[in-house]
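To keep things clear, I will list the structure first and then write my remarks on it.
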Amino acid sequence: MIDSELLLDGPLFQALDSMADKDEESFDAVMGHGYLTAQIISPKSDSPEEICRTMFPNPELTGLSEEELTQHIRGVLSLIDSQLNNDESDSFEIPVSIDESEELLDSELADWCAGFLEAHMAQEETWLSANEQAVAELMLPIAVLSGVFSEEEEFADMSANVELLEDMAVQLPEVLIELYLLMRSDV
């Protein structure tokens with residue numbers, strides 16, 4: 001099991017899964033990891049307290065206090081940042097498993113991308129304020145793999161192309177590192 005998968009067994013992600021069991025609109029652990037990864041990549045991420053309020057609108061339902069959740073968020077953000085900023089690795093581990101019989105747009109990877117995309121879309125203007133073309137190109141695989149736009153005309157062909165989706169999935173860790181470095185070059 002990769003470190004990121006072990007991370008999903010931690011208290012923050014267990015709280016997310018607990019919330020998702022009670023409310024279909026809530027983040028689950030996989031979506032939460034995608035959301036937090038986007039927060040680290042963002043040129044102007046939200047504070048851990050703001051992230052906590054977004055991810056846990058009813059923290060009392062988790063059995064953890066808002067302070068405990070915020071502390072766990074800080075720890076996870078730090079871990080994701082160190083994974084993206086690791087000079088010894090050219091890849092970022094996304095904590096999902098994909099069954100070979102499963103369609104990518106119905107997989108945990110699609111959920112992870114949807115969580116990432118949610119954070120990006122909430123700050124889209126900030127993300128695109130510098131290097132708009134490069135950011136848009138790097139965001140394309142995440143947008144396609146999320147399945148969020150699969151019904152839209154410009155995404156329909158890409159979403160139906162299994163080979164393209166598989167290529168995007170394989171390249172996604174490198175894309176995330178490129179986005180991270182691109183955003184850091186403008187800070």
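Looking at the range 134-156, can you tell me whether even one residue there is free of Cβ contacts under 8 Å to residues at least 24 places away in the same chain and among the β-branched types (Val, Ile, Thr)? Checked against the condition, which is being free of Cβ contacts under 8 Å to residues at least 24 places away in the same chain and among the β-branched types (Val, Ile, Thr), the range 134-156 yields no hits at all.
Scanning the range 152-175 for any residue that is over 12 Å from the mean Cα position of the chain (by Cα), crowded, with 20+ Cβ neighbours inside 10 Å and on the phi > 0 side of the Ramachandran plot turns up nothing.
On inspection, Leu61 qualifies as in contact with an Asp or Glu (Cβ under 9 Å, 6 or more places away or on another chain), at pLDDT below 90 and assigned to a helix (DSSP H, G or I).
Residues in the range 26-61 that are over 12 Å from Ala122 (Cβ atoms) and among the β-branched types (Val, Ile, Thr): Val30, Thr37, Ile40, Ile41.
Counting only residues that are part of a helix (DSSP H, G or I) and either small (Gly, Ala, Ser) or under 22 Å from Ile80 (Cα atoms) (or both), the range 20-58 holds 22 of them.
Screening Leu61, Leu128 for residues that are farther than 30 Å from Ala160 by Cβ and either more than 14 Å from the chain's Cα centre (by Cα) or small (Gly, Ala, Ser) (or both) leaves exactly one candidate, Leu61. At least 3 residues being among the hydrophobic types (A, V, I, L, M, F, W, C) and over 16 Å from Val30 (Cβ atoms) is the threshold, and among the helices (runs of 4 or more DSSP H) wholly inside the range 78-161 those reaching it are 132-146, 153-160.
The values are calculated or read from the model by the stated rules, or taken from the named source; none is laboratory data. Keep in mind that this is a model prediction, so the values were computed, not measured. Quick reminder, even Gly has a Cβ in these numbers, built from the backbone with ideal geometry, and neighbours come from all protein chains shown.
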